[in-house]
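To keep things clear, I will list the structure first and then write my remarks on it.
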Amino acid sequence: MVGTSPTMTLEQPVLPDILAPGLRVVFCGTQAGAVSARRGAYYAGPGNRFWKALHAVGLTPRQLAPEEFPELLRLGMGLTDVAKASSGPDSDLLPAHFDIEGFKEKMRSFAPAVIAFNGKRAAQAVLGLRDSTLPYGLWQARMEGASVFVLPSTSGAASGFWSLAPWRNLAAVLNREAPRS
């Protein structure tokens, strides 16, 4: 169809995981967007705020380009998605696309201090929640030994829900500072 990007299902991951033992934080998205899949880089869509947000809250020394995503490892940060073998808009996702057990196994194996979900859809899938009122911020419950943060999606498609405040709170926790308002 004209104007839509159908979900592609592949046997191999669309984007590689960027993971290492003991990271400060692993950002978990839902699946690679169509532009990210084409460019082979996380959060590469023109309206995506991920790289700007990381820099704006002080988690990176400069705004990285999407193709520089492997640089996050040097900064103690990692990247993955819950649906690794598909790409396209989240509206095309089916429950079968999610690899929840695979994600949890990675988190057990790599043991990050914080798991930060970039958007509610990934968090809902992993946490087994269907409630759309899922709050942003730090959760009291832990997952696989890690603290859990739910962040507003950086996708341009979710711009109506965008707020940098939860990202600032995450940075404060990671930097062991008091949250800024």
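The values are calculated or read from the model by the stated rules, or taken from the named source; none is laboratory data. Keep in mind that this is a model prediction, so the values were computed, not measured. In this analysis, Cβ positions are derived from the backbone assuming ideal geometry, glycine residues included, and neighbour counts consider all displayed protein chains. Note: areas computed on protein heavy atoms with side chains; ligands, DNA, RNA excluded. Shrake-Rupley method; radii C 1.70, N 1.55, O 1.52, S 1.80 Å.
Values as computed for the structure displayed
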{"item": "In the range 119-133, residue farthest from TYR43 (Cα to Cα) [restricted to those that are under 16 Å from the mean Cα position of the chain (by Cα) and not β-branched (Val, Ile, Thr)]", "result": "LEU127"}
{"item": "Matching residues, the range 84-108, being touching a residue at least 12 places away in the same chain (Cβ under 8 Å) and under 22 Å from ARG24 (Cα atoms)", "result": "LYS84, ILE100, GLY102, PHE103, LYS104, LYS106, MET107, ARG108"}
{"item": "Residue within the range 70-77 that is in a loop (DSSP other than H, G, I, E, B), on the phi < 0 side of the Ramachandran plot and in contact (Cβ under 8 Å) with a residue 24 or more places away in the chain present", "result": "no"}
{"item": "Residue check, GLY47 touching a residue at least 12 places away in the same chain (Cβ under 8 Å) and on the phi > 0 side of the Ramachandran plot", "result": "no"}
{"item": "Sole exception among (1) open to solvent by 20 Å² or more (accessible area, probe 1.4 Å); (2) under 22 Å from ALA125 (Cα atoms); (3) modelled with pLDDT of 95 or more for ASP92, by number", "result": "(3)"}
{"item": "Scope the range 126-173; condition part of a helix (DSSP H, G or I), modelled with pLDDT under 90 and closer than 21 Å to HIS55 by Cβ; matching residues", "result": "GLY156, ALA158, SER159, PHE161"}
{"item": "Residue check, ALA116 open to solvent by 10 Å² or more (accessible area, probe 1.4 Å) and either in contact (Cβ under 8 Å) with a residue 12 or more places away in the chain or over 12 Å from the mean Cα position of the chain (by Cα) (or both)", "result": "no"}
{"item": "Hits in the range 99-125 (condition: within 19 Å of LEU151 (Cα to Cα) and assigned to a loop (DSSP other than H, G, I, E, B))", "result": "PRO112, ALA113, GLY119"}
{"item": "Residue ID - surrounded by the fewest Cβ atoms within 10 Å (Cβ to Cβ), chosen from residues in the range 134-159 that are under 17 Å from GLY47 (Cα atoms) and not aliphatic (A, V, I, L, M)", "result": "SER159"}
{"item": "Total residues in the range 36-63, condition open to solvent by 40 Å² or more (accessible area, probe 1.4 Å) and in contact with a Pro (Cβ under 7 Å, 6 or more places away or on another chain)", "result": "1"}
{"item": "Restricting the range 12-35 to residues that are among the β-branched types (Val, Ile, Thr) and touching a residue at least 60 places away in the same chain (Cβ under 8 Å), the residue that is surrounded by the fewest Cβ atoms within 10 Å (Cβ to Cβ)", "result": "ILE18"}
